[in-house]
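Engineer: Before I ask anything, here is the structure I am working with.
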Amino acid sequence: MKTAPIEFKPLSETDLPLLADWLSRAHLQKWWREDEITIERIREKYLPRIFGEDDARPFLVYLDYSPVGYIQYYHAWINQDWWPDKPEKGVLGIDQFIGDKNNLDKGIGSRFISEFVQRLFDDPEVTEIRVDPRPDNVRAIRCYEKVGFEKVNQINTPDGLAIMMVLNRKTF
Ligand SMILES: CC(C)(COP(=O)(O)OP(=O)(O)OC[C@H]1O[C@@H](n2cnc3c(N)ncnc32)[C@H](O)[C@@H]1OP(=O)(O)O)[C@@H](O)C(=O)NCCC(=O)NCCS
């Protein structure tokens, strides 16, 4: 059987109503922190990312030609307050979610994250990719472990406690 294709399309301004709709859903409010979910606030936060004025690079994830989620990467060494070990140049971080709760736990997240990190490692300068799930986000932690991320330790971030998980180019 043919596998449904995954695509990553740079987020665009016309995607923001969909993003706001997803972010207002209960399964995301628990795990994806937004101060306020109005279209104005979402524009204010995500337009700079779309226009490259923010370090986060945002993408919509498509599964079988339909939008299924969101993923972004950022340069971990730029926001050094976040990580206690002051990551070196070449270390990226990623954040992601699935928009519809009916799509959770079907292996979709681990599949698109695997494809996304593979593309990030296509850049020879990228040495390591990190995620920082909350300690009680067992679904996300399990998903990241399936991709190959390893738990390093518990860290205290500006958003609260998180588990630092790392995927190293050498072991991926
Ligand atoms: C995190 C996320 C992207 C993962 O995508 P996903 O498609 O749901 O993940 P997968 O199906 O690939 O893997 C989830 C795993 O967690 C397991 N799992 C789910 N709930 C669990 C629980 N309460 N305890 C233990 N394992 C659990 C699933 O069984 C599955 O493991 P398995 O394949 O070995 O059975 C998605 O769940 C999501 O968007 N969550 C809400 C937002 C979020 O938490 N974002 C991440 C912030 S760090």
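The values are calculated or read from the model by the stated rules, or taken from the named source; none is laboratory data. Because the structure is a prediction, the values reported are computed rather than measured. Glycine also receives a Cβ, built like all others from the backbone with ideal geometry; neighbour counts cover every protein chain displayed.
Engineer: Name the residue, out of N137, N168, that is within 10 Å of the ligand (Cβ to nearest atom) and modelled with pLDDT of 95 or more.
Structural biologist: N137
Engineer: Moving on to the next point. Can you pull out every residue in the stretch 81-102 that is touching a strand residue (DSSP E or B) at 6+ places or on another chain (Cβ under 6 Å) and modelled with pLDDT of 95 or more?
Structural biologist: V91, L92, G93, I94, D95, Q96, F97, I98, G99 - these are the residues of the stretch 81-102 that are touching a strand residue (DSSP E or B) at 6+ places or on another chain (Cβ under 6 Å) and modelled with pLDDT of 95 or more.
Engineer: Within the stretch 40-84, how many residues turn out to be without any contact (Cβ under 8 Å) to a residue 12 or more places away in the chain and within 24 Å of Q154 (Cβ to Cβ)? Show your work before the answer.
Structural biologist: Residues of the stretch 40-84 without any contact (Cβ under 8 Å) to a residue 12 or more places away in the chain: 40-41, 44-45, 48, 51-54, 66, 80.
With the extra rule that they be within 24 Å of Q154 (Cβ to Cβ), the set shrinks to 80.
Going through the stretch 40-84 one residue at a time, the tally reaches 1.
Engineer: So how many residues does the stretch 116-132 have that are away from the ligand (no atom under 12 Å from the Cβ) and either surrounded by 15 or more Cβ atoms within 10 Å (Cβ to Cβ) or assigned to a helix (DSSP H, G or I) (or both)?
Structural biologist: Step one: list which residues in the stretch 116-132 are away from the ligand (no atom under 12 Å from the Cβ), which gives 117-129.
Still in the running and either surrounded by 15 or more Cβ atoms within 10 Å (Cβ to Cβ) or assigned to a helix (DSSP H, G or I) (or both): 117-121, 126-129.
Total meeting the criteria: 9.
Engineer: Test each condition in (1) within 12 Å of the ligand (Cβ to nearest atom); (2) more than 17 Å from L92 (Cβ to Cβ) for Q154 and report the one that comes out false.
Structural biologist: (1)
Engineer: Just wondering, is there one or more residues in the stretch 33-44 that are within 16 Å of the ligand (Cβ to nearest atom) and either part of a strand (DSSP E or B) or aromatic (F, W, Y) (or both)?
Structural biologist: The answer is no; no qualifying residue exists.
Engineer: Output the residue which, of all residues in the stretch 93-109 that are aliphatic (A, V, I, L, M) and crowded, with 18+ Cβ neighbours inside 10 Å, is farthest from the ligand (Cβ to nearest atom).
Structural biologist: I94
Engineer: In the stretch 133-170, how many residues are of a type outside the set (A, V, I, L, M, F, W, C), in a loop (DSSP other than H, G, I, E, B) and within 21 Å of W77 (Cα to Cα)?
Structural biologist: Within the stretch 133-170, residues that are of a type outside the set (A, V, I, L, M, F, W, C), in a loop (DSSP other than H, G, I, E, B) and within 21 Å of W77 (Cα to Cα) number 6.
Engineer: When you scan the stretch 90-101, do you find a residue that is under 17 Å from L63 (Cα atoms) and in a helix (DSSP H, G or I), even just one?
Structural biologist: Narrowing the stretch 90-101 to residues under 17 Å from L63 (Cα atoms): 96-101.
Then keep just the ones that are in a helix (DSSP H, G or I); that gives 101.
For the stretch 90-101, residues under 17 Å from L63 (Cα atoms) and in a helix (DSSP H, G or I): present.
Engineer: Taking L28 as the residue in question, decide whether it is within 14 Å of the ligand (Cβ to nearest atom), over 21 Å from G160 (Cβ atoms) and under 16 Å from the mean Cα position of the chain (by Cα).
Structural biologist: Spelling it out, it is not the case that L28 is within 14 Å of the ligand (Cβ to nearest atom), over 21 Å from G160 (Cβ atoms) and under 16 Å from the mean Cα position of the chain (by Cα).
Engineer: Can you tell me which residues in the stretch 67-119 are farther than 15 Å from M165 by Cβ and among the aliphatic types (A, V, I, L, M)?
Structural biologist: Residues satisfying the conditions are V68, I71, I78, I98, L104, I108.
Engineer: Enumerate the pairs (first residue in the stretch 121-147 and farther than 21 Å from P84 by Cβ; second residue anywhere and within 16 Å of the ligand (Cβ to nearest atom) and among the charged types (D, E, K, R)) with beta-carbon separation below 8 Å, excluding pairs fewer than 6 apart on the same chain, so at least 6 apart or on different chains.
Structural biologist: That search, which allows pairs on different chains as well, returns R139/D105; E145/K151.
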